[in-house]
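One structure below.
The values are calculated or read from the model by the stated rules, or taken from the named source; none is laboratory data. These numbers come from a predicted model, not from an experiment. Because the Cβ atoms are built from the backbone with ideal geometry, glycine has one as well, and the counts that use them run over all protein chains shown. For the accessible areas, the whole protein counts, side chains as well, though only heavy atoms, and no ligand, DNA or RNA atoms are used. Shrake-Rupley method; radii C 1.70, N 1.55, O 1.52, S 1.80 Å.
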Amino acid sequence: ALNEGTEKFSNRLKELGGTCRASVAADILGVKRQTVNNRQKANKLLSIKIGEETRFPIFQFDGKQVTDGVEEILAELGDISDVTKISFFTGLKFFGDENINVIEALKKYGPCEIHRMSYKPIRESIKK
């Protein structure tokens, strides 16, 4: 049985569009499956291990591409757990008064505007 935290996380992923296999991610991006695997290994795509299978959260895609800014943020997040990375993109809500998360803000505003908007709230949240 899944513990409560794992179940909540799994349900949240489903609410955000679910996950897909590398072959589906490759179709979305118009690349070969090996390219998806290479990007995942290079920390340029969000992924999560479910059982023995690596899955890719659908929310990171915007049309036929990875949402602009995701790769740069993944590089900044570095070597932290997949769950923490996904939670960063989907759980934090600090963009002005809109109460939207990072991935929603990237899709709405783009990375440059978010960079400008987020400095103060991020610094304040780190101090707490």
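Values for this structure:
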| quantity | calculated |
| --- | --- |
| Hey, F89 open to solvent by less than 40 Å² (accessible area, probe 1.4 Å) and modelled with pLDDT under 95 or not | yes |
| Inter-residue pairs, beta-carbon under 9 Å, first farther than 18 Å from K49 by Cβ and in the range 69-89, second at pLDDT below 90 and not in a helix (DSSP H, G or I), 6+ apart | G69/G110 |
| Selection from the range 18-34 of residues that are open to solvent by less than 50 Å² (accessible area, probe 1.4 Å) and either closer than 15 Å to V66 by Cα or part of a helix (DSSP H, G or I) (or both) | T19, C20, A22, A25, A26, I28, L29, V31 |
| Selection status of D68, open to solvent by 50 Å² or more (accessible area, probe 1.4 Å), more than 20 Å from Y109 (Cβ to Cβ) and more than 10 Å from the chain's Cα centre (by Cα) | no |
| Candidate set from the range 38-63 (those that are in contact with a strand residue (DSSP E or B) (Cβ under 8 Å, 6 or more places away or on another chain), open to solvent by less than 70 Å² (accessible area, probe 1.4 Å) and outside any strand (DSSP E or B)); member that is farthest from F9 (Cα to Cα) | Q40 |
